[in-house]
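Right, one structure below, let's go through it.
Here, each number is a calculation from the coordinates, and none is a lab measurement. These numbers come from a predicted model, not from an experiment. Positions of Cβ are generated from backbone atoms using ideal geometry, with glycine treated the same way; all protein chains shown enter the neighbour counts.
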Amino acid sequence: MTRARALKQTIRARAAKTGERYTTARRQVLAELSKSKPIALVPKPAPKPATPMSTKGGLSEAKSIEKTGHGLAHWFDVLDKFGAVEKGHTRAADHLYSDHGVPGWYCQGITVAYERARGVRAMNQRCDGAFEVTVSKMMAARPAQLIKALKAAGGWTEGVDASLLKALGSVEGRLWRDR
């Protein structure tokens, strides 16, 4: 721990203990330090071990703490008190954003994790009830080479949207740029 960090913790501890404002507590702590009296710096308390929660594919406990200052258990309690299951995804996410100041993207992540934990939403389920899975693959090939290989594979066009096939056939089009 750096000296500056330990000093700040000592100042905050004094402010909490005495009810003084930070600047007043800082002035008192620095005055004590200048008199050469050794004061005990308050060590940072060890964090409580977090209860691991399964959010499988969603927002992790660590990221929730990093971005919001609270773990998922805290946010799940907030959403339980709000009645999020009955009020729905949109209102629950808006509650976190408007009333608790959670950044927008993390409101969604926390709400989805909550819905999964409460059995309201399954893995890969959208809020309208439908399921959606997306897969992507990066290939080290130029577009013309890729299209040629796909056409050679045969049968890959069955069930593919005609507009997509048309776009794939047009290597010179706006969709593909040969670098």
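Some notes on this structure:
- Packing-based ranking of 18-28, 123-133, 84-94 yields 84-94, 18-28, 123-133, ordered from highest to lowest mean Cβ neighbour count within 10 Å.
- Sparsely packed loop sites in the range 86-125 (the chymotrypsin sites (Phe, Trp or Tyr not before Pro) outside DSSP H, G, I, E and B with at most 15 other Cβ atoms within 10 Å) do not occur.
- Pairs from the list 63/166; 8/35; 17/87; 8/81; 35/67 with a Cα-Cα gap above 30 Å: 63/166; 17/87; 8/81; 35/67.
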